[in-house]
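The block underneath contains the structure these notes are about, expressed in structure tokens.
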Amino acid sequence: MSSKRDYQLGLIGWKLGHSLSPAMHNAALEALALTGDYRLYSIDPADSGSLVDLLDKVRRGEIDGLNVTIPHKQNVMPLLDALTPTAEQIGAVNTIIRDKDKLLGDNTDAAGFLYDLENFFAAENIELLTKEKEALILGAGGAARAVVYALAQAGWNVAIAARRVVQAAELVESLGIGNAHVIDLTEQEIAALSPHLIVNATPVGMFPQGDASPWPEGLVFPAGAAIYDLVYNPPITQLVAEAHAVNIPAITGLGMLVEQGAAAFQTWIGQESPRTVMRVACKTALAAQTYPKG
Ligand code: NAP
């Protein structure tokens, strides 16, 4: 790859004011001595014309690659020429890649989550010796789809706790996986499980509601469980703080954000992503925008 190339990258979403992605990707471009820019494209979900126009810019090579976040992860799918098998099975696109004048939709959330989960387990010396690895996912929205897909692919049995069980059952059915089942998001049903891993895939605990926890109040964490909270703002969520207080290993989703971004960046640029630089840029940008509690 020529270092003189000017890379135009960006993120399609809506109300993107707090996104860490520009800081992360612009730091990556700079670290590789590449010129270019990663911009935010905030598009009203009702404005399909602007979405089509933006994708045409990618087709013409005016933009080299895009990330996609809510509410457009599904909206963009019919506008693309092809999907990777992962994006097709998850049913959502978070990365758009240009191949000549064709647009390919990929999903790097699942791989990003799994990669960071493995790092987390390695850092905490967690080694699951059992063949029956049990995970409990709280929530059944877009992020849960990628997480359930990733865990099922990696051989986990997955229980999905949702306040809308019909939506969760649809998620399992559309993913076409056998090793997942749905429970009500109630203390009684959660208490009946003994998962090795609990993943928060709800927005509960996210800034500015940083004092909230998705875990039922007073319910003891299962012995031997580890907790992965997809929420990363605030940098230490209430759920992670509660877990740490009783010596349960727990981590926020900042690493997943970095890893999904690193995987996308690598496909656009064709070089190894500078992960450490990207992580530091995210942490710095997050610290700059996090306000004290209360
Ligand atoms: P989403 O599509 O809106 O889904 C949210 C899910 O949480 C839904 O099942 C929703 O249930 C449930 N939920 C919302 N509020 C709840 C509450 N008070 N109690 C119980 N359940 C509740 O959102 P998403 O895109 O999946 O994102 C979820 C979280 O993950 C967000 O905080 C997001 O920032 C984070 N995330 C992080 C990463 C990362 O890289 N770390 C990536 C993606 C997402 P209903 O359908 O009943 O409302």
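The values are calculated or read from the model by the stated rules, or taken from the named source; none is laboratory data. None of the values given here were measured: they were computed from a predicted structure. Note that we place each Cβ from the backbone using ideal geometry, even for glycine, and neighbour counts take in every protein chain shown. In case anyone asks, the SASA skips ligands and DNA or RNA and just uses the protein heavy atoms, side chains included. Shrake-Rupley method; radii C 1.70, N 1.55, O 1.52, S 1.80 Å.
Between the beta carbons of Arg164 and Ala33, assuming R0 = 51 Å, the FRET efficiency works out to 0.60 to the nearest 0.05.
When you count the other C-beta atoms within 10 angstrom of each residue and take the mean per peptide, 209-215, 127-133 line up highest first as 209-215, 127-133. Between Ala123 and Ala223, residue separation times 0.36 nm minus the direct Cα-Cα distance comes to 34.1 nm. Quick one: angle between helix 109-123 and the longest Cα principal axis of the chain, in degrees between 0 and 90, rounded to 10, please. The angle comes out near 50 degrees.
Gain on full extension, evaluated as 0.36 nm per residue between His181 and Asp44 minus their Cα-Cα distance, stands at 45.9 nm. Percentage of Cα-Cα pair distances in the chain greater than 31 Å, rounded to whole percent? Result: 29 percent of Cα pairs exceed 31 Å.
If you roll a 1.4 angstrom probe over the protein chains with everything in place, what fraction of the accessible area of the stretch 110-253 belongs to carbon and sulfur, to the nearest %? Reported share for carbon and sulfur atoms: 52 percent. Using a cutoff of 8 angstrom between alpha carbon atoms and counting only pairs six or more residues apart, the relative contact order for the chain works out to 17 percent. In the chain, the longest principal axis of the Cα atoms and the axis of helix 21-31 are about 60 degrees apart. Expressed as a fraction of 2.2 N^0.38 Å, the C-alpha radius of gyration for the stretch 1-141 is 1.20.
Sorting Thr276, Thr86, Thr108 by solvent-accessible area of protein heavy atoms yields Thr276, Thr86, Thr108, largest first, with a 1.4 Å probe. Relative to the longest principal axis of the chain, what angle (0 to 90°, nearest 10) does the C-alpha long axis of helix 48-59 take? Result, in degrees: 60. Restricting the stretch 150-236 to GluC sites (Glu not before Pro) that sit in a DSSP loop and have at most 16 other Cβ atoms within 10 Å of their own Cβ leaves Glu217. Database remark: amide H of Ala212 closer than 5 angstrom to the amide H of Gly205 (H placed geometrically; neighbours at sequence offset of 5 or more, or on other chains; Pro and chain starts carry no H). Against the empirical curve 2.2 N^0.38 Å, the C-alpha radius of gyration of the stretch 108-241 lands at a ratio of 0.98.
For the pairs Lys73/Lys102; Lys102/Lys283; Lys102/Lys133, note any where the Cα-Cα span goes beyond 30 Å. Checking Cα-Cα distances, Lys102/Lys283; Lys102/Lys133 exceed 30 Å.
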